[in-house]
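Read through the structure below, which is laid out as structure tokens, and then see the notes.
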Amino acid sequence: MHEAERGDTLRRIARSGDPDRSLAASFAPREARADLFALIAFNVELARIAELVSEPSLSVIRLQWWREAIERAVKGEATGYPVADAIGEALRQRKLSGARIDALIDARNFDIEVKIMPDLASLEAYLAATAGGLFASGGECLGSRGPELERAASQAGLAYGLTGLMRALPVHAASGRVYLPADALLRHGTSPEAVLAGKSNDGLLDVLAELRLKARQALTEANRHVGELDADARAAFRPLCLVDPYLAALDKAGRDPRREIAEINPLTRFWRMARWRG
């Protein structure tokens, strides 16, 4: 596959599965865009496994295929699949953390085998490996390394990831997955089973309010740490500009969080992306 054709494929996969991160990547420095789109497309492909493959054993095999394909791609072998080839190239040329890519794959075992988040600590670990890992790898694509990047990515992943999971609650519940901490649901008099049954009650609303507060606190910390990075590296964190408006949409009284996905105006989305400076 020619490079231009591969780039078109990566952008198509990324935009179809993650339009917000894809729009953010379009504003990044030109020399890093291809690698950022590769990361987004890779994450989209991993997330789709739980959605498209109903048999857990087959999903596990698919995750293992990704591990082996990327191992081959890092060595310069052609895998026959553009996303794996692009990730392998990024790992080689950008010196991305291979352990971080492995952790991103490993975290997806939850989506296919566990499906019910037991507690907040498990949720934070999941988001650190998924949303946080994507922010950190994006920062590496833009030349950043070190504890400053790790701190920014950790809090950014928590803020962005919590917001995304709350928005996607109806989609996840429809596929038998609950990412809201089970212990928090039980503490508020409800349960993962009630969420899966489509019940929106005061207990669920209380848990979501707690998580929105946690997301806002993480966003404040993330913005502080992002401000410590150089200008190029900050571009990897542009998706954070949508956390506030999405949380505001989630705050709206009267909406049913079990049946409605919170959205924002497309023009607001583009305007915030365009004016964001980190």
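The values are calculated or read from the model by the stated rules, or taken from the named source; none is laboratory data. All of these numbers come straight from a predicted model, not from anything done at the bench. Using ideal geometry, Cβ is built from the backbone for each residue, glycine included, and neighbour counts are taken over all protein chains shown. Accessible surface is based on the protein model in full, side chains and every heavy atom, while ligands, DNA and RNA are left aside. Shrake-Rupley method; radii C 1.70, N 1.55, O 1.52, S 1.80 Å.
The single residue among 144, 154, 97 that is under 13 Å from the mean Cα position of the chain (by Cα) and either under 17 Å from residue 229 (Cβ atoms) or open to solvent by 60 Å² or more (accessible area, probe 1.4 Å) (or both) turns out to be 154.
Considered as a group, the residues in the range 179-214 that are in a loop (DSSP other than H, G, I, E, B) and modelled with pLDDT of 95 or more include one that is farthest from residue 157 (Cα to Cα), and that residue is 189. For residue 105, the test of being of a type in the set (A, V, I, L, M, F, W, C), closer than 23 Å to residue 171 by Cβ, open to solvent by less than 20 Å² (accessible area, probe 1.4 Å) and touching a Ser or Thr at 6+ places or on another chain (Cβ under 6 Å) is failed. For residue 214, the criteria (1) under 18 Å from the mean Cα position of the chain (by Cα); (2) surrounded by 18 or more Cβ atoms within 10 Å (Cβ to Cβ); (3) in contact (Cβ under 8 Å) with a residue 24 or more places away in the chain hold in every case but one, which is (2). For the range 226-263, a tally of residues being closer than 20 Å to residue 157 by Cα, open to solvent by less than 70 Å² (accessible area, probe 1.4 Å) and part of a loop (DSSP other than H, G, I, E, B) returns 3. Residue count for the range 47-76 satisfying the condition of being buried (at least 19 other Cβ atoms within 10 Å of the Cβ) and under 15 Å from residue 90 (Cβ atoms): 4.
Here's the yes/no breakdown for (1) open to solvent by less than 40 Å² (accessible area, probe 1.4 Å); (2) under 19 Å from the mean Cα position of the chain (by Cα):
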residue: 150; (1), (2): no, yes
residue: 161; (1), (2): yes, yes
residue: 172; (1), (2): yes, yes
residue: 189; (1), (2): no, no
residue: 204; (1), (2): yes, no
residue: 218; (1), (2): yes, yes
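Residues in the range 108-133 that are among the acidic types (Asp, Glu) and surrounded by 16 or more Cβ atoms within 10 Å (Cβ to Cβ): 111, 124. If the condition is being part of a helix (DSSP H, G or I) and touching a residue at least 40 places away in the same chain (Cβ under 8 Å), then the range 127-152 contributes 134, 135, 137, 138, 139, 140, 141, 148, 149, 151, 152.
Consider the range 3-39 and keep the residues that are under 17 Å from residue 236 (Cβ atoms) and among the hydroxyl-bearing types (Ser, Thr, Tyr). The one that is most open to solvent (accessible area, probe 1.4 Å) is 26.
Of all residue pairs spaced 6 or more apart or on separate chains, those with beta-carbon atoms under 6 Å, a first member in the range 83-95 that is touching a residue at least 60 places away in the same chain (Cβ under 8 Å) and a second member that is open to solvent by 20 Å² or more (accessible area, probe 1.4 Å) and outside any helix (DSSP H, G or I) are 85/79.
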